[in-house]
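All remarks here apply to the structure that follows.
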Amino acid sequence: MLGKLLKHDIIATWKVPVALDAVLIVLGVLTAFAVQGIHSVGDSVGMSIFMFSFVGVFYIGIIAANIITLIYLVVRYYRNLYTSEGYLTFTLPVKTDMIVHSKVITGSVWMFLSYLFTVVSLLIAGAGFIKATHVTPAELKESFTQINAVMGLTDPGFIAIMILVFLITPISGILCMYFSVSIGQLWQNHKVLGSVLCIVALYIINQFISQIAFIGSGFWQMMGSPDVDAIFGRIYRNMMLIISIITALEGVAYYIVCLVINRKCVNLD
Amino acid sequence: MSSLLEVNSLTKKYGNLTALNNLNFELESGHIIGLLGPNGSGKTTLIKIICGLLQPTSGSVMVEGNPVGVESKKVISYLPDTTYLGNAASVQETIDFFMDFYEDFDQDRAYDMLGKLGIDPSAHLRTLSKGTREKVQLILVMSRRADLYILDEPIAGVDPAARDYILNTIITNYDEKASILISTHLISDVENILDEVIFLKQGEIVRFCGVDEIRSNEGKSVDGLFREVFKC
């Protein structure tokens, strides 16, 4: 039954995330042309302002595309489960857990793709920038080598951590929102307000956790260190590892709570 | 053999308000039962608990010997008192959805009923009027070969002609071995199709008997008895 639920969830949701992913690519391509334009227009102030504005629009656009995808998926989760549509969803002859699994898998896939297309869009825009600034391959390699020396970009540990972050963040992000919506349903009245308050509370808690990760990673050691470059990569890696572990644990907790609420506490008034 | 539906000591409270108070009853197969009561008597609450949409405060519901869950949902075809279909899909896609999830869904019956009403299966639900969407929903629910149909206010808010169509659809599309539980406060419209009635008042069953029994013993119609029992 999970396969059927996934099939119908994907059919019902694919249009908006795919359209927004396409927008991301288009924005990347247009920005790549725009940054080349900045260098080709020379001293034309008006044109430069226009081109720089375009780059600003690009950044706002990629953030907006990700937020819209997230909001779209969360609204669908809310409507499908907790409004009148829930009368159909919860009377399907499937286990409630399967319904939640399907929503989480579908939401995670679309959020993951949204992140992936954001990276692709940034790479396209970045390629345009490199081309516009006439950076030679040798200069590019030199820059990479310098950054690599500090960050350890080619280090398998760093790559593994970044892949982990890239996989965990979208899943935990969507689970956080689903969790908040489900928590909101426990309110007798003002269910949406309950969800929003939960999101705000989680944001504050996550900021607090980030600060702990910041401290735990040894970030403050850098303040008095004579050779920041030598320790920056290690500290950054530690911080990303701590944050990804905490994010993963949070995701698991959100998931379990969503399952329990939908299994035991659904009350479609 | 177990009953089609068994409700045991069922209570539902919303804070201090008791919506259902210690309900006990059983339904057998092959009957059309009217769940009758004024607004706020607990009809919808009872139905939602049977369908697994509300959690009872205490007590239990068994459907063909199974607690509310996957097995009970396989045999119950539920029509809520509101539209539960998303607007984005077409009628045909909604039929495909029902086909995928309900083994007892009869696709031919659904298309036949749609054809009789002149509803285009390729039409998107958002393009249909509220009344037509409700008819599509009724067609979907009655196209299942379920053991228990639970219809919550199927004729509320529709014109008399539509009421006739809905009632006709109900009585001509259910297997006689199945049962139908119809919740309504429009007694006179459904009276002729009912075998039994449950009168629900302030969350308690005040009467559960056959329609013929009311007519022969009380010398009244169900509507007449209803007006007497629920006199303000």
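The values are calculated or read from the model by the stated rules, or taken from the named source; none is laboratory data. Since the structure is predicted, the reported quantities are computational estimates derived from the model, not experimental observations. Don't worry about glycine lacking a Cβ; one is built from the backbone with ideal geometry, like all the others, and counts go over all protein chains shown.
Filtered by the rule that a residue be in a strand (DSSP E or B) and touching a residue at least 24 places away in the same chain (Cβ under 8 Å), the range B:205-230 gives B:205, B:208. Applying the criterion of at least 1 residues that are aromatic (Phe, Trp, Tyr) and within 14 Å of chain B (Cβ to nearest Cβ) to the helices (runs of 4 or more DSSP H) found wholly in the range A:77-153 leaves A:86-89.
Entry remark, the range A:187-214: residues being surrounded by fewer than 12 Cβ atoms within 10 Å (Cβ to Cβ) and among the aliphatic types (A, V, I, L, M) number 4 in total.
Can you spot a residue in the range A:68-91 that is free of Cβ contacts under 8 Å to residues at least 60 places away in the same chain, charged (D, E, K, R) and exposed (fewer than 14 other Cβ atoms within 10 Å of the Cβ)? No: zero hits. Of everything listed in (1) within 14 Å of another protein chain (Cβ to nearest Cβ); (2) in a loop (DSSP other than H, G, I, E, B), the single unmet condition for residue B:48 is (2). For the range B:118-138, a tally of residues being in contact with a helix residue (DSSP H, G or I) (Cβ under 7 Å, 6 or more places away or on another chain) and touching a residue at least 40 places away in the same chain (Cβ under 8 Å) returns 4. So, in the range A:154-179, of the ones that are in contact (Cβ under 8 Å) with a residue 24 or more places away in the chain and of a type in the set (Gly, Ala, Ser), which residue ends up farthest from the other protein chains (Cβ to nearest Cβ)? Filtering the range A:154-179 for residues that are in contact (Cβ under 8 Å) with a residue 24 or more places away in the chain and of a type in the set (Gly, Ala, Ser), the one farthest from the other protein chains (Cβ to nearest Cβ) comes out as A:157. Looking at B:83, B:94, just one residue is modelled with pLDDT under 95 and either of a type in the set (Gly, Ala, Ser) or not in a loop (DSSP other than H, G, I, E, B) (or both), and that residue is B:94. When restricted to residues that are within 11 Å of another protein chain (Cβ to nearest Cβ) and in contact with a helix residue (DSSP H, G or I) (Cβ under 6 Å, 6 or more places away or on another chain), the range B:54-65 contains 2.
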